[in-house]
Amino acid sequence: MKKPLIFTGLGAGLLTAGALYLALKPKNAPLPTVASVDLQRYAGKWYEIAAFPQRFEKGCHCTFAEYTPKEGYVEVRNTCRKGSPAGKEDGVVGKAFPVEGSHNAKLRVQFFWPFRGDYWILALADDYSHALVGTPDRDYLWILSRAPQLDSAIFARLSQKARELGFDTRRLVKTDQSCNER
């Protein structure tokens, strides 16, 4: 009879500790996005110039994404070469859903049902040639370009913008795009 009471007490203690952690955890400042995004102009191929390392991209080289607008969502096709720039091409296809009221600057991306993640466009060139994309929790960050290489001054400007928005840009790792330079 005492074991259920112990487990109940432990469970209540863990729930209380979790609630306290969430209540006391520092909150990020609101993350501003661009005013609006024309998804037809955003469509096409984007090369990953740099990103925060993520386990799902471990061992990836020459990473790029292709966006294709569909009815009510955008098809997202992420591709990379595994192991080396000459490695086997690997990829995953998902869907991005515009967040209502965001003028397409905020998307919810889904690669595996039912999980969705944030994809917020934080900076975008007027000619849609490069972009800064991140998440409001500051755990994900990408610098993207229409070309496999990005001018160092533009890269520095996007990195500075990310820093100003509260991202730890020391975590940024440049992506090897050597197989896309041809």
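Per-residue answers, yes or no, for (1) more than 15 Å from Trp142 (Cβ to Cβ); (2) modelled with pLDDT under 75; (3) in contact with a helix residue (DSSP H, G or I) (Cβ under 8 Å, 6 or more places away or on another chain):
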| site | (1), (2), (3) |
| --- | --- |
| Lys3 | yes, yes, no |
| Leu10 | yes, yes, no |
| Ala35 | yes, no, no |
| Tyr47 | no, no, yes |
| Ala50 | no, no, yes |
| Val74 | yes, no, yes |
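Across the range 38-77, the qualifying residues are those that are assigned to a loop (DSSP other than H, G, I, E, B) and on the phi > 0 side of the Ramachandran plot, and the one among them that is surrounded by the fewest Cβ atoms within 10 Å (Cβ to Cβ) is Gly72. What number of residues within the range 86-102 satisfy the criterion of being in contact (Cβ under 8 Å) with a residue 40 or more places away in the chain and exposed (fewer than 14 other Cβ atoms within 10 Å of the Cβ)? Qualifying residue count, the range 86-102: 1. Of all residues in the range 66-79, count the ones that are under 16 Å from Gly117 (Cα atoms) and of a type outside the set (Phe, Trp, Tyr). Number satisfying all stated conditions: 5.
Within the range 158-182, being exposed (fewer than 15 other Cβ atoms within 10 Å of the Cβ) and either more than 23 Å from Arg55 (Cα to Cα) or without any contact (Cβ under 8 Å) to a residue 40 or more places away in the chain (or both) holds for Gln160, Arg163, Glu164, Asp168, Arg170, Glu181, Arg182.
Each residue in the range 81-107 was checked for being in contact with a Gly (Cβ under 7 Å, 6 or more places away or on another chain) and closer than 23 Å to His130 by Cβ, and 1 pass.
Within the range 126-138, the residues that satisfy the criterion of being surrounded by 15 or more Cβ atoms within 10 Å (Cβ to Cβ) and over 17 Å from Glu66 (Cβ atoms) are Leu132, Gly134, Thr135, Pro136, Arg138. Considering only the range 167-182, state which residues are assigned to a loop (DSSP other than H, G, I, E, B), closer than 17 Å to Cys60 by Cα and of a type outside the set (D, E, K, R). Hits for the range 167-182 are Leu172, Thr175, Gln177. Would you check if Pro114 is modelled with pLDDT under 95, more than 14 Å from the chain's Cα centre (by Cα) and over 18 Å from Thr33 (Cα atoms)? Yes; evaluated as a whole, the condition is true for this residue. Among the residues of the range 145-154, is there at least one that is of a type in the set (Ser, Thr, Tyr), closer than 24 Å to Phe56 by Cβ and touching a residue at least 60 places away in the same chain (Cβ under 8 Å)? Yes: one or more hits. Filtered by the rule that a residue be of a type outside the set (D, E, K, R), touching a Pro at 6+ places or on another chain (Cβ under 8 Å) and assigned to a strand (DSSP E or B), the range 111-166 gives Trp120, Leu122.
The values are calculated or read from the model by the stated rules, or taken from the named source; none is laboratory data. On a predicted model such as this, the values are computed, not experimentally measured, just so you know. In this analysis, Cβ positions are derived from the backbone assuming ideal geometry, glycine residues included, and neighbour counts consider all displayed protein chains.
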